[in-house]
């Protein structure tokens, strides 16, 4: 398994397939994709196929003065779920965000993934909320980078 910072075009098909299933292609395009300070992480299997992806970009966390990066579009292929590809992509993204000066990383994460995020040092903050079309979410925050 390896990870790399890649252009959005390299991770887009997986993002669309697993996070916007059955929706138009445009539903998987994020406004942040076009920003110069956004980066995308791919996790590859031994055959070179992308099995997980995530997108990071600077975004202030309300009430936090430190440089914060937010991530979104994190997903793993159905075949690779539970095999560590998502974890590898997240770890690589946290390292890259830290290298770019981030002191805080956060996301709007699915409630169903709470245990996953907590395993990586994230804390759910605030009340649960609905984020369409994905369902219930929390804001997850960590200062444990790298």
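The values are calculated or read from the model by the stated rules, or taken from the named source; none is laboratory data. It should be emphasised that the depicted structure is a prediction, and the values quoted were computed from it without experimental measurement. Cβ sites come from the backbone with ideal geometry, for glycine too, and all protein chains shown count toward neighbours.
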Quiz prompt | Subset of segment 59-90 [assigned to a helix (DSSP H, G or I) and within 14 Å of residue 39 (Cα to Cα)] | solution = 89, 90
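Return the residue satisfying two criteria in turn: it lies in segment 124-133 and is without any contact (Cβ under 8 Å) to a residue 60 or more places away in the chain and loosely packed, with under 15 Cβ neighbours inside 10 Å, and of such residues it is nearest to the chain's Cα centre (by Cα).
131
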Quiz item: Looking at (1) without any contact (Cβ under 8 Å) to a residue 40 or more places away in the chain; (2) not in a strand (DSSP E or B), can you tell me which one residue 140 breaks?
Solution: (2)
Exercise. Please specify each residue of segment 93-111 satisfying the condition of being under 15 Å from the mean Cα position of the chain (by Cα) and assigned to a helix (DSSP H, G or I).
Key: 93, 94, 95, 96, 97, 98, 111
Practice problem: Determine whether residue 87 is surrounded by 15 or more Cβ atoms within 10 Å (Cβ to Cβ) and free of Cβ contacts under 8 Å to residues at least 12 places away in the same chain. | Solution: no
Exercise. Considering each of 121, 101, 93, 73 in turn, give the residue that is on the phi > 0 side of the Ramachandran plot, in contact with a strand residue (DSSP E or B) (Cβ under 8 Å, 6 or more places away or on another chain) and either modelled with pLDDT of 95 or more or exposed (fewer than 15 other Cβ atoms within 10 Å of the Cβ) (or both).
Key: 121
Exercise. Among the candidates 79, 32, 64, single out the residue that is under 21 Å from residue 100 (Cβ atoms), more than 15 Å from the chain's Cα centre (by Cα) and touching a residue at least 12 places away in the same chain (Cβ under 8 Å).
Key: 64
Quiz item: Can you pull out the residues in segment 1-14 that are buried (at least 17 other Cβ atoms within 10 Å of the Cβ) and without any contact (Cβ under 8 Å) to a residue 24 or more places away in the chain?
Solution: 12
Exercise. Go through segment 28-41 and give me each residue that's under 17 Å from residue 132 (Cβ atoms) and either surrounded by 13 or more Cβ atoms within 10 Å (Cβ to Cβ) or touching a strand residue (DSSP E or B) at 6+ places or on another chain (Cβ under 8 Å) (or both).
Key: 28, 29, 30
Quiz item: Somewhere in segment 15-26, is a residue farther than 25 Å from residue 115 by Cα and in contact (Cβ under 8 Å) with a residue 60 or more places away in the chain?
Solution: yes
Quiz item: Is one or more of the residues making up segment 50-58 surrounded by fewer than 19 Cβ atoms within 10 Å (Cβ to Cβ) and not in a strand (DSSP E or B)?
Solution: no
Exercise. Go over the candidates 61, 19 one by one and state the one that is touching a strand residue (DSSP E or B) at 6+ places or on another chain (Cβ under 6 Å), at pLDDT below 90, surrounded by 14 or more Cβ atoms within 10 Å (Cβ to Cβ) and under 19 Å from residue 122 (Cα atoms).
Key: 61
